[in-house]
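This report refers to the structure that appears directly beneath it.
The numbers here are math on the coordinates, done by the rules we state, and not lab data. The structure presented is a predicted model; accordingly, all values stated were derived computationally and were not measured. So basically every Cβ, Gly included, is an ideal-geometry build from the backbone, and we count neighbours across all protein chains shown.
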Amino acid sequence: MKIVTIIGARPQIIKAAGLSRAIGENYNDKIEEIIVHTGQHYDQNMSEVFFEELGIPRPNINLSVGSGKHGEQTAKMITGIEQILLDEKPDAIVLYGDTNSTLAGAIAASKIHVPIVHIEAGLRSYNKSMPEEINRIMCDHASTLLFSPTKAGIENLEKEGFDLSSVSPFSADNPGAFHCGDIMYDNSLYFSELSDERSNVLQENGLKKGGYVLSTIHRNDNTDQPERLTAIFEAILEIIEKYKIEFVLPLHPRTAKQMEINLSQELRRRIESEIRLKLIDPVSFLDMIALEKNSKIIVTDSGGVQKEAFFFEKPCVILRPETEWVELVECGAAQIVGWDKGLILSAFDHYMSTADIQFPALFGDGKAGKFMCEKMLESLK
């Protein structure tokens, strides 16, 4: 079987490592994988370093589309992916998550009838103002095989008309949807020990295990609106002052730029003078695992970091008005606070004073990649 895997953003590069590893360990003689990097993320620290550090197979092809408006960027990717599919004639295209690379791959493949395999299918925020929500819905409804990491994802697909009792042969008109566990859980288990061996990020930043809060802020909804970004940083500064605890914030390049534009001079001065607020450069995946594993609480607007917080049994304060990972909230391991300063403070107080937080096994057994390979071989050849 020949598959073309599309990656373009940092989380997709990491997710692809899980599937590539499953292929290499178990199906090297049965599955040929051609990796295409769209170049959607082109910053050295946000992309290339992950191939080097994690031993992920190098892309066979790089479209190098770079940044641009959504339509412009997606159009370039559609054109490039379509030609690759015509040249390679794969049995399927594998798409991850909900980025513009995902959407471009779905459009290109569906037009020339290449079966689509969507990993992380069925996730819904029920907020169509998010570009990611549109991307994931459109990809799901063009897919032949849909692999959902959670029961909630499968339930969402059923609500939208997918027949969960469908049997092979699968097609875009008769798709197969499966609850398989999370490929990122596979990765977190695999790379956790490697992180212990290789990461020095705690020592480099003078951090003590369990003595700091990890935060990430990158979503446009937060960074591009002055009142929201202001409320988030004011809350962080109040928490630092109240609990005398350090905050570590690996700073996405866009966030750094928007802080200069959207925060008042006075607030920027307070941020710069607060020695317990450590604004650091973007970190490698292994460093990020180390920061997550050894933090006390995680405060983030990233869907991936929300999950990783759960994998490493850390309570999470979600800086969004909704989440695709509803199970985290339902079991009490995370709270949704949006950009409301009062809610941020209240959620943080709760987790600082609550020891009994449950982290049930929601994301499979760490063998999602192997399950996906088996299903592809059964269903697409």
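Remarks
- When the chain is treated as a Gaussian network with alpha carbon springs shorter than 10 Å, the biggest mean-square fluctuation among 76, 242, 341 belongs to 242.
- Cα lying deepest toward the dipole's positive end in the chain, options 115, 75, 18, charges on Cβ: 75
- Residue with peak Gaussian network fluctuation, the chain [Cα springs, cutoff 10 Å], from 357, 183, 13: 357
- At 1.567 mPa s and 4 °C, Stokes diffusion of segment 195-353 via Kirkwood alpha-carbon radius, µm² per second: 83
- Proxy reagent accessibility, fewest Cβ within 10 Å first, across 273, 125, 64, 295: 273, 64, 125, 295
- Equivalent ellipsoid semi-axes - Cα gyration tensor, the chain, angstrom: 35, 21, 20
- Taken about its Cα centre, segment 195-353 carries a charge dipole of about 400 debye when Lys and Arg each add +1 at the Cβ and Asp and Glu each add -1 at the Cβ.
- Projecting the Cα atoms of 265, 253, 319 onto the charge dipole of the chain (Cβ charges, centred on the Cα centre) puts 265 farthest toward the positive pole.
- Sorted ascending by nearby beta carbons within 10 Å, beginning with the fewest, 260, 133 become 260, 133.
- Residues 336, 280, sorted so that the one with the fewest Cβ neighbours within 10 Å comes first: 280, 336
- ³J(HN,Hα) computed for each position of segment 112-122 - Karplus, 6.51 cos²θ - 1.76 cosθ + 1.60, integer Hz, glycine/proline x: 10, 6, 8, x, 9, 10, 10, 9, 6, 6, x
- Selection from 36, 152, 300, by position along the positive dipole direction of the chain (Cβ): 300
- Rel. contact order, % - alpha carbon contacts under 8 angstrom, at least six apart, the chain: 16
- Note, ³J(HN,Hα) from phi for segment 20-33, Karplus 6.51, -1.76, 1.60, rounded to Hz, x at Gly and Pro: 4, 5, 4, 5, x, 7, 10, 9, 4, 8, 10, 10, 9, 10
- Per-residue ellipticity at 222 nm computed for the chain from its helices equals -14500 deg cm²/dmol, with DSSP H segments shorter than 4 residues left out and the rest contributing -39,500 (n - 2.57).
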